[in-house]
Amino acid sequence: MTARSTPIGSLGGEQPLWHRMSEAAGLVSATGEVQETVFGRMTQLAAAHGAVNLGQGAPGDPAPGFLLDAAYDAMLDGANQYPPANGVEALREAVAMHRQRDWGHRVEPADVLITAGATEALTAAIVALAPPGTDIVVLEPYYDSYAAAAELAGARLRPVGLAMDGAEVGVDFDALAEAVSERTSIVLLNTPHNPTGLVLDEEQIRRVGAIAESVGAWLLTDEVYEHLVFERAHIAPGAVLGGGNVVTVSSAGKTYNATGWKIGWLIAPPEVLEAARAVKQYLTFGIGTPMQHAVARALRDHPAFLPENARTLAGRRDTLVDALHRVPGATVVVPASGYFALVDFSGLDGCTGDAFSLNERLTREVGVTGIPVPALCAPGSPTARALSSAIRYSFCKGADDVDVGAARIRAFAQRLSA
Ligand SMILES: Cc1ncc(COP(=O)(O)O)c(C=O)c1O
């Protein structure tokens, strides 16, 4: 087969949409090829060197037995056909109940649309709410699907770098207020935040809400780490700000160590739900009927699992963070939530300021692989430059991986200090 000079689907020399989506997500190499995501590439890097893979945020612990039993029960009960377009009623009811019970967020089952993970909910909401040519303002670094979804909608992602001062992370409200304008269709807020673990408090949420409202933008929230908050409670923007212009996204993947199930949801006013459903209808229509039933039962009947799971994870965070703190020249952002610890290695001896080569070096020298943080930023942005020596390490892996990774990091720190 002869090599194509232009990507498949090109018309008149224009880059096709799929290629632009990949480019927006930083996946197009200098020579124009679309690469695998950074998570896949770093997994290969770890495997090639026998390193502990603390890259992708895939939990090492199994999904709880009550969840698996509930899915099997649902299958035996015959829940194996297409779900309703809006999702299984029992899950819509359970999501609404759970938002009120755990966060004081008043939600009706009719406000809930079940999706293929949070990723589909985010994409459907973005395509529904961001007209072409508008801006989506987002805190940076950010989850990689946002940029591709913005491109799909024909909108522009406007990243606002988080304020970072050594190990302290916060929101730069002045920069956020400056970034919004009458062109802003969506302010996209990820709290608890990947990859810094930042959890916004009520006052901060009110400030972000006021900034979105000042320009008539939707506040789209990504709360997938809502149940993995260690020191204080998650605050749901929808509870603090009321319905109005808030559109909420979350999913069961992180909550129940079941990221492969891809059961997510969107909570929104009826007209937004209708628009988002129109988008998702022809992507997946609906998925995972028995898993939807199982997540409904888990949310309803097993609230005690939620803090227990967060406690387990907090222990692994402490193990990893303790090891990282010993590395001379490493500045560690201690995460208040989530799966990840972000480490700035700019003070490390021999650090060249390129997180990708540094990650390779540490893979070889330490035997631990993470994700270079610039891959989670807009390509070449000021935040990507500021974090050019930062690596994200995941502590959601199994206890064995985290323990081995931490031991290797401690040994590395000892060698450096000797
Ligand atoms: C911030 C954030 N949002 C969304 C997702 C995706 O969630 P899901 O697997 O439910 O699509 C992730 C997964 O890593 C994430 O980190």
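Highest average first, the peptides 17-30, 102-115, 257-270 ordered by how many other beta carbon atoms sit within 10 Å of their residues are 257-270, 102-115, 17-30.
Relative contact order for the chain: 23 percent, from Cα pairs under 8 Å spaced at least 6 residues apart, divided by residue count. Taking the protein heavy atoms of the chain in the context of the full set of protein chains, the accessible area attributed to carbon and sulfur is 52 percent at 1.4 Å. Computed with a 1.4 Å probe on the full set of protein chains, the accessible area for HIS325 sits at about 100 Å². Extents of region 331-418, largest first, come to 35, 31, 20 Å (Cα atoms, principal axes, whole angstrom).
The residues of the chain have, on average, 41 Å² of accessible surface per residue, using a 1.4 Å probe with all protein chains present.
Would you compute, from DSSP H runs of 4+ residues alone, the mean residue ellipticity of the chain at 222 nm, taking -39500 (n - 2.57) per run and dividing by the full residue count, rounded to the nearest 500? Each step should come with its number before you reach the end.
On the way: 15 runs with 175 residues, N = 418.
The helix contribution divided over the chain gives -13000 deg cm²/dmol.
Of the whole protein surface, CYS351 contributes about 30 Å² of accessible area at a 1.4 Å probe radius. Taking the empirical scaling 2.2 N^0.38 Å for compact globular proteins as reference, region 142-186 has a Cα radius of gyration ratio of 1.34. Counted over the chain, the DSSP beta bridges are approximately 55% antiparallel. If the chain linking ARG206 and GLU93 were pulled fully straight, counting 0.36 nm for each residue of separation and taking away their Cα-Cα distance, it would gain 37.9 nm.
How would region 22-149 be classified by its alpha-carbon gyration tensor: rounded, prolate or oblate, with rounded meaning a/c under 1.5 and the a/b versus b/c comparison settling the rest? Cα axes put region 22-149 in the oblate bin.
All C-alpha pair distances within the chain, sorted into 10 Å bins from zero, spread as 5, 22, 31, 27, 13, 2, 0 percent across the bins. One quarter of the surface of the convex hull around the alpha-carbon atoms of region 172-280 equals 7.6 nm², the direction-averaged projected area.
Take the Cβ-Cβ distance between ASP403 and THR284 as r, set R0 to 45 Å, and report the resulting FRET efficiency rounded to the nearest 0.05. Don't skip to the answer; put the middle values down first.
On the way: r = 38 Å, r/R0 = 0.85.
That pair, ASP403 with THR284, gives E of 0.75.
Using the Cβ of ARG183 as centre and a radius below 12 Å, the other residues enclosed give a net charge of 0, where K and R count +1 and D and E count -1.
Region 248-317: percent of C-alpha pairs farther apart than 21 Å?
Details: 904 of 2415 pairs.
The proportion of pairs with Cα distances above 21 Å equals 37 percent.
Using the scaling law 2.2 N^0.38 Å as the reference, what is the normalised Cα Rg of region 75-205? Kindly include the intermediate steps, with their values, before the conclusion.
Numbers: Rg = 17.4 Å, N = 131, 2.2 N^0.38 = 14.0 Å.
Cα-based Rg divided by the globular estimate yields 1.24.
For region 19-59, take the alpha-carbon Rg, divide it by the Kirkwood Rh, and send me Rg/Rh. Show your work: numbers first, answer last.
Values: Rg = 12.1 Å, Rh = 11.3 Å.
So for region 19-59, dividing Rg by the Kirkwood Rh gives 1.07.
Over region 193-239, what is the mean sequence separation of C-alpha contacts under 8 Å (at least six apart), divided by residue count, expressed as relative contact order in percent? Rounded, it is 51 percent for region 193-239.
As a rough guide to protection, the peptides 326-336, 379-389 ranked by mean Cβ packing within 10 Å, highest first, stand as 326-336, 379-389.
The values are calculated or read from the model by the stated rules, or taken from the named source; none is laboratory data. Keep in mind it's a predicted model, so treat the numbers as computed, not measured. Using ideal geometry, Cβ is built from the backbone for each residue, glycine included, and neighbour counts are taken over all protein chains shown. Note: areas computed on protein heavy atoms with side chains; ligands, DNA, RNA excluded. Shrake-Rupley method; radii C 1.70, N 1.55, O 1.52, S 1.80 Å.
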